[in-house]
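Comments concern the structure below.
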Amino acid sequence: MLDQLLFSLRPAYKNYYELVTVSTLDREETARYTLAVTAADAGSPPLTTTQTFTVDISDVNDNVPAFNQTSYTMYVRENNAPTVLVGAVSASDADEGPNAKVTYSLAPAHPAERPPCSCISVNSENGQVFVLRPLDYEQVRQIEVLVSASDAGTPPLSANVTVRLLVVDENDNAPLVLYPSQDSSPASSELVPKSSEAGYLVTKVVAVDADSGQNSWLSYHLLRATDPGLFAVGAQSGEVRLRRPVTERDAVKQKLVVLVRDNGQPPLSATAALSALLLNDFSDVHLPHSSLTTEDEGGSLTTYLIISLVFVSVLFLASLAAFIARKVCKGKELKGGHVLYGTGNLQSGPADAAAAGTLPHAYCYEISLTTGSGNSEFKFLKPILPSLPPQQSGMGRGTGDEQEFSRGPHNSLGLSIQPVFYPAQSTPV
């Protein structure tokens, strides 16, 4: 029997009939139909013949790929390795053949939007999702992308699904102390009256952690103190309070180191150094806070000062020794150099010089030397007449220890220079 809802026979020509459909067929619902056609004559009794037909429905690309979830949520730990697999998407197509072949890709949310995130990749064949580079939870905590599934039909049909990637925090950030400031500048001291009772609030340590969850839960602990029994630190609040009243035996300058630790695995920590001055009243605020520097800094400064003093002392002694040696050498040179000109270097007399030169007169000079100076001082005496014979220009007379020589060095101009030598005690004339 023909399915009256789907097929019917329509007369074509005399005893010929056509098998036609009377409603829309859907291959995805029924891909094959089996029909039985019966032919009967008008005799009595009528005779019949039945023929069975099989009708296969061919596929057309009329089904869009469908994802098995309306959205996907995947997780990745921060500081992940590159190209790590975080999950997969899956879509199916009710068609068959090429119309059912699905490929995956990233697609922007809207055509006008920027391209999808470059840190995520999708395998086009199996829909696996990869994170291509390490992620930092403190910079990006969630990434949303659209994954498209397209078939190979003509025209191709596609569908999109949202993939939400959540970055899982790791304990990779140590606590950061905001107060008191831990920079290189000298820290100020908290002023505590000596009349304060137990529970007095000295200060409060404030710190934050860039991580999240239990990785950002902070606890405060007193690590070191000048007098550990004097101060107490609130484990959750970071408040520094007096554990007991201040006594006269307590040091005026108190140093504390507070440990700030998070609750991650493994836990990370930071320290906050602070100082306190125990004062009778706030009029003593002029006390030098710079004296609260660490012992290591004081030791280093002392070492530098000692080295500088030793260097300056050595340099001074070396300069003094060089100065004394120079004076001694100069004194020896002057003692050995009283006579500047020897008799072997002198000419026969002033007449020879007058004859050799072009000047009409020859002049005699007196040279005065002292042991205290290396310079020569000259004194003009008198002109020497060229008519005097050489034998008359003998040795002149001197007074005291002064002695004048007629034989002296002559210059090319006919000037006669007579050296005169003085004892060490005399002064230049």
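Structure data summary
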{"item": "Any pair with Cβ under 6 angstrom, 6 or more apart, that starts in segment 190-207 at a residue that is not assigned by TED's automatic domain parsing to the domain that holds ASN280 and of a type in the set (Lys, Arg) and ends at one that is modelled with pLDDT under 95 and not in a loop (DSSP other than H, G, I, E, B)", "result": "none"}
{"item": "GLY234 being at pLDDT 90 or above, closer than 30 Å to ASN171 by Cβ and assigned by TED's automatic domain parsing to the domain that holds ASN215", "result": "yes"}
{"item": "Count of segment 224-264 residues which are charged (D, E, K, R) and within 14 Å of TYR200 (Cβ to Cβ)", "result": "5"}
{"item": "Qualifying positions in segment 150-170 - touching a helix residue (DSSP H, G or I) at 6+ places or on another chain (Cβ under 7 Å) and either under 30 Å from GLN214 (Cα atoms) or of a type in the set (Gly, Ala, Ser) (or both)", "result": "ALA152, GLY153, ASP169"}
{"item": "Selection count where residues are surrounded by 15 or more Cβ atoms within 10 Å (Cβ to Cβ) and out of contact with any helix residue (DSSP H, G or I) (no Cβ under 9 Å at 6 or more places or on another chain), scope segment 255-266", "result": "5"}
{"item": "Some residue of segment 33-41 being polar (S, T, N, Q), surrounded by 10 or more Cβ atoms within 10 Å (Cβ to Cβ) and more than 28 Å from ASN61 (Cα to Cα)", "result": "yes"}
{"item": "Subset of segment 115-155 (residues that are among the β-branched types (Val, Ile, Thr) and in contact with a Lys or Arg (Cβ under 9 Å, 6 or more places away or on another chain))", "result": "ILE143, VAL145"}
{"item": "Any hit, segment 182-189, residues being more than 25 Å from the chain's Cα centre (by Cα) and either among the acidic types (Asp, Glu) or not assigned by TED's automatic domain parsing to the domain that holds PRO108 (or both)", "result": "yes"}
{"item": "Pairs with Cβ under 6 Å, 6+ apart, first in segment 114-133 and closer than 9 Å to TYR104 by Cα, second modelled with pLDDT of 95 or more and in a loop (DSSP other than H, G, I, E, B)", "result": "GLY127/VAL89; GLY127/SER90"}
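The values are calculated or read from the model by the stated rules, or taken from the named source; none is laboratory data. On a predicted model such as this, the values are computed, not experimentally measured, just so you know. Note that we place each Cβ from the backbone using ideal geometry, even for glycine, and neighbour counts take in every protein chain shown.
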